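Trainee: If you scroll down you'll find the structure; I have some questions about it.
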Amino acid sequence: MATPTDNLRIKGQRLWDSIHEMAEIGPGVRGGNNRQTLTDEDGEGRRLFQAWCEEAGLTVTVDSMGTMFARREGEDKSLPPVMVGSHLDTQPTGGRYDGVLGVLSGLEIIRTLNDFGIKTRHPIEVVNWTNEEGTRFAPAMLASGVFAGVHDQAWAYDREDAAGLKFGDELERIGFKGSEPVGHRKLRAFFELHIEQGPILEKEERDIGVVTHGQGLNWLQVTLVGKESHTGSTPMPMRVNAGLGMARITEAVDEIALGHAPLAVGAVGHCDVYPNSRNIIPGKVVFTIDFRHPEKEVIAAMEAKLRERAAKIAADIGLEMEIEQVGAFDPVTFDPECVGRVRAAADRLGYTHRDIVSGAGHDACWINRVAPTAMVFCPCVDGLSHNEDEDITQEWSTAGANVLFHAVVETAEIVG
Ligand code: HGY
Ligand code: MN
Ligand code: MN
């Protein structure tokens, strides 16, 4: 059914310019970004986003987890807003588009509505969720998790980074500890545009991914304690090498994931070795395992197998072992009505598309618990992300933002 806005498009060049202006804040060492959550660079990026929102006539509020909501009033102020956004924080060696594309596409929707003087019945709010990445402060999607009632705010405030700094203190330090209670806002729906962070769309030459589901995630932190001693003079049979334990468990993670091919994935991405000296056998290691799969039962089976194999590896070497879950969420099924709007918009606008399951976690995965939620994916070059070489084309960003625009505006209901 034709609608008055069918021929409306966002301004792709304006979006592209904003993305690359944001990318100048917290530059990486190879052309990407290092704008980790609650750092000075994150604060600078937030202030630039706030300035742009205010230039576009939006009212910006900040909640007590630092999440930013930039509101365009609806004709009926009493209606719950349609929210659209993602995250501005990046990995330490992150790309320029992971998260940023989704936040600034939300702003581009507002800019386009302003250009044409279009009003909507529901208010629209552009959102920047705090600490999506979960690198500096585990777990990932921390603020959207508190918003969805999954995490307790006091627990979140106590999360510490590698230097022992607390989340709550750092939020205050950068000036984004807002007064609004978290999760206080009821919403009509939430939409998030994100790069796929995988190879499927580019390989199949599709413009758009219609995200129907998100796979589940399980982060297990393993601590192994052995005995520090001289790497030169300690006879091999006398060693209690925590580093060896980590190496064997890392191999086991790979085997367990491959044992559930083709969809299961597993890796160790973070590790701290103590005392981390060239000529001391590691007395202690702390490392994190990341298991993911679209089915909850398989994630549980991988964890059980890991615990069994790790216990044997530790016993064989004589290591003490502790395994703690530091992050997890079940597989997600997004809202069929919102997903249908994304698919219909891609069709109407003439973009090639396919349904897809998200391999990465997103704020949308938590918000789906408290409001109808859907995601739009655009391709990324070689499926690469969480790497400074992450890259997309302007056409892909424009197509994704156009589909997002139509899904959001249709849900917010144009007036007049
Ligand atoms: O880990 C994730 O999937 C997300 O990038 N934080
Ligand atoms: Mn992301
Ligand atoms: Mn990411």
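The values are calculated or read from the model by the stated rules, or taken from the named source; none is laboratory data. Because the structure is a prediction, the values reported are computed rather than measured. Every residue, glycine among them, receives a Cβ derived from its backbone with ideal geometry; neighbour counts consider all protein chains shown. Each accessible area value is taken on the protein alone, full model and side chains, heavy atoms only, with ligands, DNA and RNA left out. Shrake-Rupley method; radii C 1.70, N 1.55, O 1.52, S 1.80 Å.
Trainee: Starting from a Cα-only point model with no solvent, please compute log10 I(q)/I(0) by Debye for region 266-316 at q = 0.17, 0.31 1/Å.
Mentor: The computed values of log10 I(q)/I(0) come out as -0.67, -1.13.
Trainee: Treating the Cα atoms of region 170-243 as identical point scatterers in vacuum, please give the log10 of the normalised Debye intensity I(q)/I(0) at q = 0.19 Å⁻¹, two decimals.
Mentor: -1.01
Trainee: Separate question: Considering the convex hull of the alpha carbon atoms of region 227-346, report its projected area averaged over all viewing directions, in nm², one decimal.
Mentor: The Cα convex hull of region 227-346, projected and averaged over all directions, gives 9.9 nm².
Trainee: Just round it to a whole percent: the fraction of Cα-Cα distances in region 41-126 exceeding 21 Å.
Mentor: Beyond 21 Å sits 29 percent of the P(r) for region 41-126.
Trainee: Expressed as a fraction of 2.2 N^0.38 Å, the rule-of-thumb size for a compact globular protein of N residues, what is the C-alpha radius of gyration of region 108-151?
Mentor: 1.66
Trainee: Using the Kirkwood radius over Cα pairs, work out the Stokes-Einstein diffusion coefficient for region 86-180 at 20 °C and 1.002 mPa s, in µm²/s as a whole number.
Mentor: The Stokes-Einstein estimate is 143 µm²/s.
Trainee: Let me ask another. Take every Cα pair under 8 Å in the chain that's 6+ residues apart, average their separations, divide by the length, and report that relative contact order as a whole percent.
Mentor: Reported relative contact order: 24 percent.
Trainee: Nearest 10 degrees, 0 to 90: what angle lies between the long axis of helix 296-317 and the longest principal axis of the chain (Cα atoms)?
Mentor: 20 degrees
Trainee: For region 344-393, how big is Rg over Rh, using alpha carbon atoms and the Kirkwood form of Rh?
Mentor: 1.01
Trainee: Quick check on region 1-146: take the gyration tensor over C-alpha atoms, sort the square-rooted eigenvalues as a ≥ b ≥ c, and tell me if it's rounded (a/c under 1.5), prolate or oblate.
Mentor: Cα axes put region 1-146 in the prolate bin.
Trainee: Let me ask you something else. Taking region 280-416 on its own, what percent of its Cα-Cα pair distances exceed 27 Å?
Mentor: Roughly 44 percent, once rounded to a whole number.
Trainee: Could you rank the peptides 182-195, 247-260, 143-156 by their average count of other C-beta atoms within 10 Å per residue, with the highest value first?
Mentor: Peptide ranking by packing, descending: 182-195, 143-156, 247-260.
Trainee: Quick check on region 118-235: take the gyration tensor over C-alpha atoms, sort the square-rooted eigenvalues as a ≥ b ≥ c, and tell me if it's rounded (a/c under 1.5), prolate or oblate.
Mentor: Here region 118-235 falls in the oblate category.
Trainee: Please tell me the relative contact order of region 211-342 in percent, rounded to the nearest whole number, where contacts are Cα pairs under 8 Å and at least six residues apart.
Mentor: Answer for region 211-342 is 43 percent.
Trainee: Quick check for you: with a 1.4 Å probe and neighbouring chains kept, what is the accessible area per residue of the chain, in Å²?
Mentor: About 41 Å² of surface per residue is accessible.
Trainee: Place +1 on the Cβ of every Lys and Arg and -1 on the Cβ of every Asp and Glu in the chain, take the dipole about the Cα centre, and give the residue among GLY31, GLY106, THR212 whose Cα lies farthest towards its positive end.
Mentor: Toward the positive end, the furthest listed residue is THR212.
Trainee: Could you tell me the number of lysine pairs in the chain with C-alpha atoms less than 14 Å from each other, where the two lysines are 8 or more residues apart or belong to different chains?
Mentor: The number of close lysine pairs in the chain is 4.
Trainee: Counting pairs of Cα atoms in the chain, how many percent are more than 42 Å apart?
Mentor: Everything past 42 Å amounts to 16 percent.
Trainee: Find the eigenvalues of the gyration tensor of the Cα atoms of region 78-135, then list the square roots of 5 times those eigenvalues as equivalent ellipsoid semi-axes, largest first, in whole angstrom.
Mentor: 27, 14, 5
Trainee: Taking loop as defined by DSSP and a crowding limit of 13 other beta carbons within 10 Å, which GluC sites (Glu not before Pro) in region 22-68 fit?
Mentor: The qualifying sites are GLU24.
Trainee: Further question: Give me the percent of accessible area attributable to carbon and sulfur for region 265-357, probe 1.4 angstrom.
Mentor: The nonpolar share, carbon plus sulfur, comes to 49 percent.
Trainee: Tally up the carbon and sulfur contribution to the accessible surface of region 1-78 as a whole percent, 1.4 Å probe, everything protein left in place.
Mentor: 49 percent
Trainee: Sticking with this structure for a sec: So which trypsin sites (Lys or Arg not before Pro) in region 19-82 are both in a DSSP loop and have at most 15 other Cβ atoms within 10 Å of their Cβ?
Mentor: Answer by residue number: ARG30, LYS77.
Trainee: Then there is this: Can you give the log10 of the normalised intensity I(q)/I(0) at q = 0.17 Å⁻¹, computed with Debye over equal Cα scatterers of region 1-61?
Mentor: Calculated log10 I(q)/I(0) at the listed q: -0.72.
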